[in-house]
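Participant: If you scroll down you'll find the structure; I have some questions about it.
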Amino acid sequence: MTDRVPVETSRQRWMAILARAPAERLEALLIEAEGAPEYTVLRGPESGLVMVRGRAGGGGAPFNVGEMTVTRCTVRLDSGLVGHAYIAGREPRRAELAALADALMQDPERMERLEAQVITPLQASQAARRAERAGKAAATRVQFFAMQTMRT
Amino acid sequence: MAYVAVKGGEQAIDAAHAWLAEERRGDTSSPALSVAQIQDQLGRSVDRVMAEGSLYDRQLAALAIKQAQGDLIEAAFLLRAYRTTLPRFAHSKPVDTASMTIERRISAIFKDLPGGQVLGPTYDYTHRLLDFGLLEDEALATGAVAAETDTAAMPRVPDILGQEGLLEPDTVCDHEPGDLTRDPLSFPAGRDVRLQALARGDEGFVLGMGYSTQRGYGSSHPFAGEIRMGEVSVEIEPAELGFAIDICDLVLTECQMVTRFKGSKTVPPQFTRGYGLVFGFGERKAMAMALVDRAMRAAELGEDVTAPAQDVEFVLYHSDNIEATGFVEHLKLPHYVDFQSELQNVRRMRAEVAE
């Protein structure tokens with residue numbers, strides 16, 4: 001029913017984390033880990049639309065639900081590595097930083113340090129936010145004890 | 001019927017707009033409303049404007065609400081106009097609502113559904129009494145409580161009932177869906193186009209049409225099989241990358257309505273389904289959408305088409321509030337020449353009667 005790729009590659013994983021990173025936080029983490037690396041912006045940052053699709057009945061034929069705003073950017077490091085980013089909303093700086101981080105992460109000499117100093121902390125904040133909301137949702141979980149008693 | 005272009009009135013228009021800006025700001029002894037406040041504190045308005053404006057962007061929807069002085073149809077109109085200025089980069093893969101991060105999930109047909117019932121931040125069970133405490137800038141009365149999270153899977157209700165074969169299965173097909181933003185509405189309209197139109201249709205209109213099916217106009221005796229709300233990740237596959245990337249989480253509300261179906265020559269008696277999926281937390285809209293989706297499937301399921309909600313053309317031609325407001329409000333524009341000819345007509349008819 002889902003089109004999800006069976007195994008998420010490491011690049012897909014970090015791109016998903018970078019796409020959700022707030023600009024200031026990402027910038028601060030990148031500066032701390034990398035200083036100010038040289039790069040060229042190849043495309044954008046530019047805003048546009050993505051048409052979001054759903055499936056009739058949840059699992060049937062696809063249909064268009066509506067559009068969302070996105071910003072994309074592509075950068076190239078002096079080493080030639082190219083980084084891409086697509087983020088939700090209209091935030092040019094955030095898209096540019098995410099593309100830069102994607103390029104840097106492809107550099108085998110930097111990857112481990114960046115994973116520890118940029119990706120891991122971002123992932124932790126995102127997981128914490130998710131866990132906080134999941135906790136609140138869990139507190140509203142209903143158990144119909146009374147109904148079960150009445151039936152017996 | 002036509003209106004004519006007229007010249008003049010520029011000064012009056014400028015003055016009207018200046019006054020509008022002043023009225024929008026209101027009493028300057030109160031602090032101005034920030035877009036962030038609207039985004040955070042008028043979330044349901046933001047959700048509705050995103051759904052009917054057919055553009056998911058919380059900040060832009062909040063800005064539109066501020067600009068339109070809270071007129072939500074005007075705000076949705078602003079979003080629709082804005083989207084025409086942007087290029088389309090991609091379409092997403094169909095979102096997988098089965099893997100939604102659940103914030104609310106209820107079923108009116110299964111008490112003990114796997115994964116449980118989760119109320120979420122709901123108005124249900126409130127007493128609908130005005131809370132005068134909100135007149136003051138009170139501190140958060142009671143913070144939300146958190147509980148141990150459960151990682152139990154939350155299968156969609158159709159996936160549960162479907163295992164017994166009692167519920168009609170989804171028809172899987174991967175043809176390119178129709179798109180109302182690219183091609184004007186034409187008939188017969190497939191379910192893909194109908195669902196798109198309902199997802200961005202006026203909540204009041206869709207609600208009224210859904211309600212009419214409950215009251216006997218195309219009665220289908222529906223049950224709320226499941227309503228779920230939460231975050232769903234959006235994936236796109238940009239050509240330059242050649243693989244899918246997960247770009248964000250969107251809040252969506254999904255509703256599965258379940259309706260008894262007496263069966264046909266080829267299909268045994270079973271439950272059929274209506275489907276609702278909308279941007280944001282929009283439960284009323286998602287439920288109404290599911291009712292109307294089911295009603296519009298009447299012809300496909302061999303039922304008599306007798307009621308307004310089953311009439312696909314009627315529903316789809318009137319569900320869009322931007323189109324509706326455009327046509328109703330265009331009556332304000334100068335129709336001087338038209339009306340002159342109507343006047344002459346009526347005068348002539350009266351003269352003929354008098355003779």
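The values are calculated or read from the model by the stated rules, or taken from the named source; none is laboratory data. Small disclaimer: the values here were computed from a predicted structure and weren't measured. Because the Cβ atoms are built from the backbone with ideal geometry, glycine has one as well, and the counts that use them run over all protein chains shown.
Participant: May I ask you to list the residues in the stretch A:38-54 that are surrounded by 23 or more Cβ atoms within 10 Å (Cβ to Cβ) and either modelled with pLDDT under 95 or aromatic (Phe, Trp, Tyr) (or both)?
Facilitator: Those that are surrounded by 23 or more Cβ atoms within 10 Å (Cβ to Cβ) and either modelled with pLDDT under 95 or aromatic (Phe, Trp, Tyr) (or both): none in the stretch A:38-54.
Participant: Name every residue in the stretch A:97-120 that is acidic (Asp, Glu) and crowded, with 20+ Cβ neighbours inside 10 Å, in order of residue number.
Facilitator: Within the stretch A:97-120, just A:102 meets the criteria.
Participant: Further question: Here are some conditions: (1) buried (at least 17 other Cβ atoms within 10 Å of the Cβ); (2) within 20 Å of residue B:234 (Cβ to Cβ); (3) free of Cβ contacts under 8 Å to residues at least 40 places away in the same chain. Residue A:127 meets all but one. Which one does it not meet?
Facilitator: (1)
Participant: Return the residues of the stretch B:176-220 that are at the interface with chain A (Cβ under 10 Å from one of its Cβ atoms), in a loop (DSSP other than H, G, I, E, B) and either in contact with an Asp or Glu (Cβ under 8 Å, 6 or more places away or on another chain) or basic (Lys, Arg) (or both); say none if nothing qualifies.
Facilitator: B:177, B:178, B:181, B:182, B:200
Participant: Now for a separate question. Every residue in the stretch B:306-320 that is in contact (Cβ under 8 Å) with a residue 24 or more places away in the chain and either on the phi > 0 side of the Ramachandran plot or not in a helix (DSSP H, G or I) (or both), please.
Facilitator: B:306, B:307, B:319, B:320
Participant: As an exercise: evaluate residue B:273 against (1) away from chain A (no Cβ under 12 Å); (2) modelled with pLDDT under 95; (3) in contact with a helix residue (DSSP H, G or I) (Cβ under 7 Å, 6 or more places away or on another chain) and give the number of the one condition it does not meet.
Facilitator: Condition (1) is where residue B:273 drops out.
Participant: If you don't mind, another one. Would you check if there is a residue in the stretch B:61-84 being touching a residue at least 12 places away in the same chain (Cβ under 8 Å), under 16 Å from the mean Cα position of the chain (by Cα), within 24 Å of residue A:133 (Cα to Cα) and at the interface with chain A (Cβ under 10 Å from one of its Cβ atoms)?
Facilitator: No, every residue in the stretch B:61-84 fails to be touching a residue at least 12 places away in the same chain (Cβ under 8 Å), under 16 Å from the mean Cα position of the chain (by Cα), within 24 Å of residue A:133 (Cα to Cα) and at the interface with chain A (Cβ under 10 Å from one of its Cβ atoms).
Participant: Given the conditions (1) within 21 Å of residue B:195 (Cβ to Cβ); (2) within 7 Å of another protein chain (Cβ to nearest Cβ), which single one is not true for residue B:235?
Facilitator: Here residue B:235 clears every test but (2).
Participant: Here is a further query. Please find, within the stretch A:69-96, the residue that is surrounded by the fewest Cβ atoms within 10 Å (Cβ to Cβ) out of those that are assigned to a helix (DSSP H, G or I) and more than 14 Å from every other protein chain (Cβ to nearest Cβ).
Facilitator: A:93
Participant: Now a separate question. Which numbered condition trips up residue B:153, out of (1) more than 9 Å from chain A (Cβ to nearest Cβ); (2) touching a strand residue (DSSP E or B) at 6+ places or on another chain (Cβ under 8 Å); (3) not β-branched (Val, Ile, Thr)?
Facilitator: Going through (1) more than 9 Å from chain A (Cβ to nearest Cβ); (2) touching a strand residue (DSSP E or B) at 6+ places or on another chain (Cβ under 8 Å); (3) not β-branched (Val, Ile, Thr) one by one, residue B:153 breaks only (2).
Participant: Follow-up question, since we're still on this one. Does any residue of the stretch B:321-344 turn out to be without any contact (Cβ under 8 Å) to a residue 12 or more places away in the chain, under 19 Å from the mean Cα position of the chain (by Cα) and under 30 Å from residue B:229 (Cα atoms)?
Facilitator: yes
Participant: Every residue in the stretch B:85-134 that is of a type in the set (Phe, Trp, Tyr), farther than 18 Å from residue B:225 by Cβ and either touching a Cys at 6+ places or on another chain (Cβ under 9 Å) or more than 9 Å from every other protein chain (Cβ to nearest Cβ) (or both), please.
Facilitator: Across the stretch B:85-134, the qualifying residues are B:123, B:125, B:132.
Participant: Could you tell me how many of the residues in the stretch B:179-203 are under 9 Å from the mean Cα position of the chain (by Cα) and of a type in the set (D, E, K, R)?
Facilitator: Looking only at that region, the number is 3.
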